[in-house]
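S.K.: Sharing a structure with you now.
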Amino acid sequence: MGIFGSESKFESSVKLIPYPQQAVYNNISDLRNLEKVKDRVPEDKVNDFSYDEDTVSLNVPPVGELKLRICEREEPKCVKFETVQSPVPFNLWIQVLPVDENSSKMKVTVKAELNPFIKAMVEKPLQDGVEKIADALAQVHYV
């Protein structure tokens, strides 16, 4: 915990995914699979969307340039990301747990060090963003 800020945590609601845990993990642990959702990214909200196996970059007006890199893979249940470039450094992780052999559940979490002023400005957009990421991931065909 920093002297000027405190750790803030933003969590999505839990999403039910009609695919096995391993299939979901295999897709989210390789960012080249973002090709499947590229057409769902709203062009009016995101520019310069690019990715490779471990990183994703995008420009989000008015926030600016964001670049995230996978920093940890915990097969088959979690993929953790860290910011490489961001106006506000944060970590993001996607947890996937089995429900049964054909379905799983997912939750997206963001943790950031935010001072009270910044937190007041970004709290609602961050919470909305985490929920939108989870909604988008819940609609992917993980086959």
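The values are calculated or read from the model by the stated rules, or taken from the named source; none is laboratory data. None of the values given here were measured: they were computed from a predicted structure. Glycine also receives a Cβ, built like all others from the backbone with ideal geometry; neighbour counts cover every protein chain displayed. The protein model used for the area step is the full one, side chains on, heavy atoms only, and it has no ligands, DNA or RNA in it. Shrake-Rupley method; radii C 1.70, N 1.55, O 1.52, S 1.80 Å.
S.K.: Lys and Arg at +1, Asp and Glu at -1: add these up for the other residues within a Cβ distance under 11 Å of residue 11 and post the number.
M.R.: Neighbour charge sum, excluding residue 11 itself: +2.
S.K.: Tally Lys/Arg at +1 and Asp/Glu at -1 over every other residue whose Cβ is under 11 Å from the Cβ of residue 20; what's the total?
M.R.: Combined, the nearby Lys, Arg, Asp and Glu give -2.
S.K.: Another question, then. At 1.4 Å probe size, with every protein chain present, just tell me what the per residue accessible area of the chain comes to in Å².
M.R.: In whole numbers, the chain has 59 Å² accessible per residue.
S.K.: Continuing with this model, one more query. What shape does the stretch 1-99 take by its C-alpha gyration tensor, where a ≥ b ≥ c are the square roots of the eigenvalues and a/c under 1.5 counts as rounded, a/b above b/c as prolate, and the rest as oblate?
M.R.: In terms of gyration-tensor shape, oblate.
S.K.: Moving to a separate point now. Would you mind counting up the charge near residue 109? Only other residues with Cβ under 11 Å from its Cβ, with Lys and Arg at +1 and Asp and Glu at -1.
M.R.: +3
S.K.: Find how many whole Å separate the alpha carbon centroid of the stretch 3-33 from the alpha carbon centroid of the stretch 91-140.
M.R.: Answer, in whole Å: 6.
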